[in-house]
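Structure, as structure tokens:
What follows draws every value from the coordinates through simple rules; no lab data is involved. Note that this is a predicted model, so its numbers are computed, not measured. So basically every Cβ, Gly included, is an ideal-geometry build from the backbone, and we count neighbours across all protein chains shown.
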Amino acid sequence: MKRMKGVSVPHLKSTADSAPTYMTDLDIAIYPMTQHIGAPATPVRQKGDTVCVGTLLAKGTGTVSSPIYSGVSGTVEKIEEVLLSSGNYVPAVFIKPDGAMTPDPGLAPVQLTDTKSFVEAVRESGVVGLGGAGFPTGVKLDVGDPCRIQEIVINGAECEPYITSDTRTMLDRSQDILEGIHLLQKYLGAKKIIIGVEKNKPQCIRAMKQIAGSGGGVVVKELPSIYPQGAEKVLIYHTTGKVVPEGGLPIDVGVIVLNCTTLATIARYIRTGMPLVDKCVTVDGSAVANPQNVIVPIGATLQAVFDFCGGFKSQPGKVLYGGPMMGVSVPDLHMPVLKQTNALLALDVRDAAPVDATNCIRCGRCTNICPIGLAPVSIAVAYGSGSMEALQKVHANLCMECGCCSYVCPAKRPLVQQNKLAKAALAAWHKQKSKK
Amino acid sequence: MDQKLQITVSPHIRSSITTGGIMLDVVIALLPALAAAVWLFGARALYITAICVLACVLSELIFQLITKRTPSIGDLSAVVTGMLLAFNLPVSILEWQAIVGSVVAIVIVKQLFGGIGCNFANPAITARIVLLLSFSQSMTYWTKPAGFSSGDLISSATPLALAAQGTEKLPPLFDLAIGKHAGCMGETCALALLIGGVYLLIRRVITWHTPVAFIGTVFLISFFAGDFSLETALYQILSGGLMLGAFFMATDYATSPPTGWGKLLFGIGCGVITVAIRLWGTYPEGVSFAILIMNILTPYITKLCARKVFGAVRAEKVQKT
């Protein structure tokens, strides 16, 4: 099997040995109604309501959506619009924590009977793709006939630099992952389960092999540490050899991919009834005083999390949700930790210094390393020409924005940015065409 | 916190590769050949190279100032062009002719098309051809390598010219490899060029595809056309501008295809044209013409050898669904 291309990025996973500590002391917790792909959730609490850890704050609206639960106990202070890193304003529930972190008394282990009840439970757990994508997992697992599922791939690649929160899940919560695997086998009839882990995490491979050994139908696949190993299409190809066709979903080739933390969180919900209320977050970057893994109640502000880690040792120039390859930079530190936040990075002013783009020298590095086989140079030409047919011809829509092209570009051109613009233009064009 | 945070699109880290770094590597890779040129042809080789480099850098700077563009001489690409052009000239070239060549390379071939990365033909190659056609006499006045005693230059024919005339007295292969024969000042020492080429390969500035395909094609065709004589084949790959062309000129980013298959095809094309000109053409040497012709074909090769897109559905099918 041919290996898909990519780049060797620095690993920078110095927090891998840092067992997470719990952060409980919060001044405020903020829950934006969009913490997933799909329709925003609808708030079900009002100002003055008392809530506990695990109390439903907002229910999912429509098919593709996800409920949101409180990560702290306290009182609802207000419901107000907040700015998200996407640039959109969405309503958010603000909770004034009482500091007690009392769990909701109504929480109880979930009783499962069949596939339908399992999928419904996953929907109710509030779990979304915790690798960073944020697609509601309940929607992903709702494939109609479970016989369509031939393989389930558990994503433990964690290919982004710095991030070690999945590493900690694999090390500290391997029993949760094992329970999750049993659930998948029992309720989705998964015949083959593949756990994909990058080779640079030997201790995780050992932990996963241990749990795989105790049950049939589970294999651990060691993956080369080439970024973007954890990207869905790349992972599927390297674990199953299958190619997800353009415009298709993994289930079209009989595969479902679940992030390891996603699976562990589902298992915890079924066992205890505690929905997704906290996240293991890697706090790292050149500006952070004490880089470490922290279990943060969802809703905590970035400022609070960085303060918990000893504050900044130097002026931060850029703060990111997620890793440096695909992470999103945030305008201020009052934003909260979201469901899909797996890392918070603060880069110092020097690391965040903007780079000036110069002429493309047509060296072809971007074209040669693109995992998907796209040619960012051709996309640039097509986008510049304004011809949507040309953009479609170079398959700009297939770009997964992994960042490899921008990373290797010697002229430091903003290739990912250009691809995003091209994708948006193409999507708008297709939408307009289908209207006619 | 008073200072504002930066908002940019991902990725937030970049590799350490820069345009200037790549060009610096090429300059370093050309140094062994420059040293060999000085050893073979005397201090004048260094003098001519300096003139070409200076003329290239200055004409780039002046052009960019006149056209109100951001000067980009810091990326060292003009230095590379100057060195390559000098290496493609006989040591006896007149200073003003070298300067004309430099201006043609930088202003006409490179800057008028938009600067670095936008030119469709290799500047040094094109300038060499312009000089060859304009000043045929001084461009084909070859001298025997005389070392530092360059007081008087002794006229001599290049090995390829000798071979074309069918002369029996060809220089031995060893002399060809170390460059002790007449020719352009930077192209004769195959060994020094090979060292530079290997350096570029190690530094991953170039890939093996173009040089291997180019030199391999010349070797194979000469081998078969030369009655299966290994000596003839070796003679062909060690003489003329082949090493310089294959490692330093045909690998030029802007004027060659980006993908591996494209580079192979490009290299094979260069090889075929080179041998065809050498064996059956009027000119004794064909490397520059071969590269120029393949430069022009590059957009088509690029299109032909585009990478297969992972999971792509053909455009017609997309429209149907």
message: Return the pair list, or none, for Cβ contacts closer than 9 Å from residues in the range A:346-372 that are facing another protein chain (nearest Cβ under 8 Å) and in a strand (DSSP E or B) to residues that are surrounded by 15 or more Cβ atoms within 10 Å (Cβ to Cβ) and among the β-branched types (Val, Ile, Thr), at least 6 apart or on different chains.
response: A:347/A:319; A:347/B:13
Residue in the range A:374-393 that is in contact (Cβ under 8 Å) with a residue 60 or more places away in the chain and farther than 29 Å from residue A:41 by Cα present: no
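Which one of these is away from every other protein chain (no Cβ under 14 Å), closer than 30 Å to residue A:237 by Cβ and hydrophobic (A, V, I, L, M, F, W, C): B:287, B:218, B:212?
When all the criteria are applied, what remains is B:212.
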- request: Filter the range A:396-418 down to residues that are part of a helix (DSSP H, G or I) and out of contact with any helix residue (DSSP H, G or I) (no Cβ under 7 Å at 6 or more places or on another chain), then give me how many there are.
  value: 3
message: When you check residue B:32 against the structure, is it farther than 30 Å from residue A:327 by Cα and part of a loop (DSSP other than H, G, I, E, B), yes or no?
response: no
- prompt: Among the residues of the range A:295-307, is any of a type in the set (Ser, Thr, Tyr), away from chain B (no Cβ under 11 Å) and either out of contact with any Lys or Arg (no Cβ under 9 Å at 6 or more places or on another chain) or buried (at least 18 other Cβ atoms within 10 Å of the Cβ) (or both)?
  reply: yes
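I'd like the full set of residues that are small (Gly, Ala, Ser), crowded, with 18+ Cβ neighbours inside 10 Å and farther than 19 Å from residue B:189 by Cα, limited to the range B:1-36.
B:10, B:15 - these are the residues of the range B:1-36 that are small (Gly, Ala, Ser), crowded, with 18+ Cβ neighbours inside 10 Å and farther than 19 Å from residue B:189 by Cα.
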task: Could you tell me which residue of the range A:265-283 is surrounded by the most Cβ atoms within 10 Å (Cβ to Cβ), considering only residues that are closer than 25 Å to residue A:301 by Cα and among the β-branched types (Val, Ile, Thr)?
output: A:282
message: Just to be sure I understand, how many residues within the range A:62-84 are surrounded by fewer than 17 Cβ atoms within 10 Å (Cβ to Cβ) and within 21 Å of the chain's Cα centre (by Cα)?
response: 3
statement: Checking B:278, B:307 in turn, the sole residue that is more than 14 Å from every other protein chain (Cβ to nearest Cβ) and surrounded by 14 or more Cβ atoms within 10 Å (Cβ to Cβ) turns out to be B:278
query: Which of the residues that make up the range A:308-345 are away from every other protein chain (no Cβ under 14 Å) and among the hydrophobic types (A, V, I, L, M, F, W, C)?
result: A:308, A:309, A:337, A:338
message: Quick check on the range A:243-264: of everything there that is at the interface with another protein chain (Cβ under 9 Å from one of its Cβ atoms) and among the β-branched types (Val, Ile, Thr), which residue is nearest to the chain's Cα centre (by Cα)?
response: A:244
query: Across the range B:187-211, what is the number of residues that are touching a residue at least 60 places away in the same chain (Cβ under 8 Å), farther than 22 Å from residue B:234 by Cα and of a type in the set (D, E, K, R)?
result: 1
- line: Note on residue A:407: of the conditions (1) within 24 Å of residue B:77 (Cβ to Cβ); (2) more than 9 Å from chain B (Cβ to nearest Cβ); (3) surrounded by 23 or more Cβ atoms within 10 Å (Cβ to Cβ), unmet is (2)
query: Any idea how many residues of the range A:33-91 are among the basic types (Lys, Arg) and in a loop (DSSP other than H, G, I, E, B)?
result: 2
- request: Would you be able to say whether some residue in the range B:52-70 is touching a residue at least 60 places away in the same chain (Cβ under 8 Å) and buried (at least 17 other Cβ atoms within 10 Å of the Cβ)?
  value: no
task: Kindly indicate which of B:26, B:53 is within 14 Å of chain A (Cβ to nearest Cβ), out of contact with any His (no Cβ under 9 Å at 6 or more places or on another chain) and within 16 Å of residue B:82 (Cβ to Cβ).
output: B:26
statement: Counting only helices (runs of 4 or more DSSP H) wholly inside the range B:214-321, the ones holding at least 1 residues that are within 21 Å of residue B:178 (Cβ to Cβ) are B:230-238, B:287-304
statement: Of the candidates B:105, B:127, B:121, B:163, the one satisfying the condition of being surrounded by 19 or more Cβ atoms within 10 Å (Cβ to Cβ) and over 15 Å from the mean Cα position of the chain (by Cα) is B:163
field: Conditions (1) surrounded by fewer than 18 Cβ atoms within 10 Å (Cβ to Cβ); (2) of a type in the set (A, V, I, L, M); (3) over 29 Å from residue A:121 (Cα atoms): number failed by residue A:226
entry: (1)
task: Grab the helices (runs of 4 or more DSSP H) fully contained in the range A:224-310, keeping just those with 1 or more residues being hydrophobic (A, V, I, L, M, F, W, C) and closer than 24 Å to residue A:405 by Cα.
output: A:232-240
